[in-house]
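Trainee: Please see the structure below; I have some questions.
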Amino acid sequence: MRTWSGSPFPRTVRLCDVEGHDASAVIARDNGESSVIHEAPGHPGWLVKRYKPSARIGHIALDDLIELPRRMSPEDLALVDRSVAWPVSRVVDGYRTVGTIMARADDGFSWDLALLQGRTRRQTIELDLLANSDRDIRRLGLPVPTPELRLAAMREIVAVAALFERQGLVYGDWSFANAFWAPGTDRVLVIDMDTARMGKRDHLETHNWDDPLADKSRPLTTHTDRYKVALLVARTTTGLRQERLKAVEGMAALYPAYPDLIDLLAKCIGAPTPDARPRLEEILAAMSEPSTGRPRTGKGHPAVHSGRSSAGRRLRCGAPEGANVTGTIPWRPTGGRSPTSPPPRTQTPHATRRDAPAGPRPDIPTRVLHGAPSDSSAFTPQTDPGKGRPPDRRRSGCSPAWVIAVLLIIALLAVIALRS
């Protein structure tokens, strides 16, 4: 079914035309801004979402959202029709907007989940269940997805998110709960689209998904969506549900052929400013084809494991996950240097130089790399072999004062001997 193009409804529907449902048609009650979600009478496969009286619904913004797919390219419209439960009509009661209509997830998104004592329960599968370990997915009786299938499903999510960004649409609520997954396939369906807005939308709290750079007093933008989508990809592909940058690091072992993708996700999650986050189109392109011919350092992804990206370096240096303060790693502490050492290198803010070494340099103490004060006390003087004390560089010769003193003593002794 085409979720927008296949709508049998006009753009505005009267409430009396979609009332009269029975209890079996109810999908959910008291869920967020909705008082009830039920199947539209006489229209199987279509849902009516009734808003609570307290919900703030702008009818102009909702109308603009409903009409937006009409202006899309054929490719974007096809993506909407297969992967987004886009609102198709606004439900009105007189002059008030009281609800909206959207497509229902088809049977492919439902599964008989395993319960205790051999019982099962049929339910629609949220992305929440895909974002689990293989063991937990198997325990629920779901087909265990391969890493490639996980990545393919998330590629479709990112394709939808990139479409939103191209259209200037702010979704703002990316999480495990706002998309469905068809088990055994890479099909997904993004839901709760009716609250998305063009340009910006009001701030909303989503536990464990909040953007650390978002000002709660200001509306959300597409830059917030970049952060949440990157986090959703990393968590779902690895099953590391509570992790942020560690989830990106975990991708390196599962997806060694996608170093560019891992680097972009790390930049999105660990960016020092919202503007520094890569566009979702870049992430989608990196997901589409494996990276080939790129030099790698050791195991896993070079940027995450060698510390060359600011995000990877914060993991190595013990900064808290989600922190967005990037420190500076000096190449050399202040103070003297060995005569055989090369000239000091210029400090590079955020340690993002591409020619940075993969590990600590031999002439930099580890405690300095990890934030110790860069003074002369960071060094331990080289000892003289076998004597346990610093070498005395003056032993190579005698000073003129010592020579004169010795000659005077010899002359005095000679005079005394002659007089005796």
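Trainee: Arg244 - would you say it is at pLDDT below 80 and either out of contact with any strand residue (DSSP E or B) (no Cβ under 9 Å at 6 or more places or on another chain) or surrounded by fewer than 19 Cβ atoms within 10 Å (Cβ to Cβ) (or both)?
Mentor: It is false that Arg244 is at pLDDT below 80 and either out of contact with any strand residue (DSSP E or B) (no Cβ under 9 Å at 6 or more places or on another chain) or surrounded by fewer than 19 Cβ atoms within 10 Å (Cβ to Cβ) (or both).
Trainee: Still on this model: Which one is nearest to the chain's Cα centre (by Cα) among residues in the stretch 256-309 that are among the charged types (D, E, K, R) and at pLDDT 95 or above?
Mentor: Lys267
Trainee: Any chance you could count how many residues in the stretch 212-236 are farther than 26 Å from Leu149 by Cα and in a helix (DSSP H, G or I)?
Mentor: Result for the stretch 212-236: 3.
Trainee: Is there a residue being under 20 Å from Arg241 (Cα atoms) and either among the aliphatic types (A, V, I, L, M) or open to solvent by less than 10 Å² (accessible area, probe 1.4 Å) (or both) anywhere in the stretch 168-176?
Mentor: Checked against the condition, which is being under 20 Å from Arg241 (Cα atoms) and either among the aliphatic types (A, V, I, L, M) or open to solvent by less than 10 Å² (accessible area, probe 1.4 Å) (or both), the stretch 168-176 yields at least one hit.
Trainee: What number of residues within the stretch 177-187 satisfy the criterion of being within 15 Å of Leu142 (Cβ to Cβ) and open to solvent by less than 40 Å² (accessible area, probe 1.4 Å)?
Mentor: Residues in the stretch 177-187 being within 15 Å of Leu142 (Cβ to Cβ) and open to solvent by less than 40 Å² (accessible area, probe 1.4 Å): 4 in total.
Trainee: Go through the stretch 213-238 and report how many residues are within 28 Å of Thr195 (Cβ to Cβ) and buried (at least 19 other Cβ atoms within 10 Å of the Cβ).
Mentor: So the count comes out to 17.
Condition check ((1) under 35 Å from the mean Cα position of the chain (by Cα); (2) open to solvent by less than 30 Å² (accessible area, probe 1.4 Å); (3) over 21 Å from Val190 (Cα atoms); (4) small (Gly, Ala, Ser)) across all residues:
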| position | (1), (2), (3), (4) |
| --- | --- |
| Glu19 | no, no, yes, no |
| Ala23 | no, no, yes, yes |
| Asp30 | yes, no, no, no |
| Ser34 | yes, yes, no, yes |
| Ala40 | no, yes, no, yes |
| Asp63 | yes, no, no, no |
| Ile66 | yes, yes, no, no |
| Arg82 | yes, no, no, no |
| Ala85 | yes, yes, no, yes |
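Trainee: Which residue out of Ala153, Ala161 is in contact with a strand residue (DSSP E or B) (Cβ under 6 Å, 6 or more places away or on another chain) and in a helix (DSSP H, G or I)?
Mentor: Ala153
Trainee: May I pose another question? Just one of Thr221, Thr195, Thr185 is over 21 Å from the mean Cα position of the chain (by Cα), more than 18 Å from Leu265 (Cβ to Cβ) and modelled with pLDDT under 95; which is it?
Mentor: Residue meeting the stated conditions: Thr195.
Trainee: Could you look through the stretch 156-167, keep only residues that are open to solvent by 10 Å² or more (accessible area, probe 1.4 Å) and within 17 Å of the chain's Cα centre (by Cα), and pick out the one that is farthest from Thr3 (Cα to Cα)? Before the answer, list the steps.
Mentor: Taking the stretch 156-167 as the starting set, the residues that turn out to be open to solvent by 10 Å² or more (accessible area, probe 1.4 Å) are 156, 159, 165-167.
Cutting the leftovers down to within 17 Å of the chain's Cα centre (by Cα) gives us 156, 159, 165.
Numbers: Glu156: 16, Ala159: 16, Glu165: 20 Å.
Selected residue: Glu165.
Trainee: Here's a follow-up. Of Val36, Val18, which residue is without any contact (Cβ under 8 Å) to a residue 24 or more places away in the chain, over 18 Å from Met198 (Cβ atoms) and either among the β-branched types (Val, Ile, Thr) or touching a Cys at 6+ places or on another chain (Cβ under 7 Å) (or both)?
Mentor: The unique qualifying residue is Val36.
Trainee: In the stretch 237-252, which residues are out of contact with any Lys or Arg (no Cβ under 7 Å at 6 or more places or on another chain), within 23 Å of Trp181 (Cα to Cα) and outside any loop (DSSP other than H, G, I, E, B)?
Mentor: Thr238, Val248, Gly250, Met251
Trainee: Next up: So which residues in the stretch 108-143 are open to solvent by 50 Å² or more (accessible area, probe 1.4 Å), closer than 16 Å to Ile191 by Cβ and either part of a helix (DSSP H, G or I) or of a type outside the set (Ser, Thr, Tyr) (or both)? Break it down stepwise before answering.
Mentor: Taking the stretch 108-143 first, the residues open to solvent by 50 Å² or more (accessible area, probe 1.4 Å) are 111-112, 115-124, 126, 134-135, 138-139.
Add one more test, that the residue is closer than 16 Å to Ile191 by Cβ, and what stays is 123-124, 126.
Of everything in the stretch 108-143, those that are open to solvent by 50 Å² or more (accessible area, probe 1.4 Å), closer than 16 Å to Ile191 by Cβ and either part of a helix (DSSP H, G or I) or of a type outside the set (Ser, Thr, Tyr) (or both) turn out to be Gln123, Glu126.
Trainee: Could you grab me the full set of residues in the stretch 188-210 that are in contact (Cβ under 8 Å) with a residue 40 or more places away in the chain, open to solvent by less than 30 Å² (accessible area, probe 1.4 Å) and assigned to a loop (DSSP other than H, G, I, E, B)? Walk me through how you get there before you give the answer.
Mentor: To start, the set of residues in the stretch 188-210 that are in contact (Cβ under 8 Å) with a residue 40 or more places away in the chain comprises 188-198.
Okay, now just the ones that are also open to solvent by less than 30 Å² (accessible area, probe 1.4 Å), so 188-191, 193-194, 196.
Hits for the stretch 188-210 are Ile191, Ala196.
The values are calculated or read from the model by the stated rules, or taken from the named source; none is laboratory data. Everything numeric here is computed off the predicted structure, so don't read it as measured data. Cβ atoms come from the backbone with ideal geometry, glycine included; neighbour counts cover every protein chain shown. What goes into the accessible areas is simple: the full protein's heavy atoms, side chains included, and nothing from ligands, DNA or RNA. Shrake-Rupley method; radii C 1.70, N 1.55, O 1.52, S 1.80 Å.
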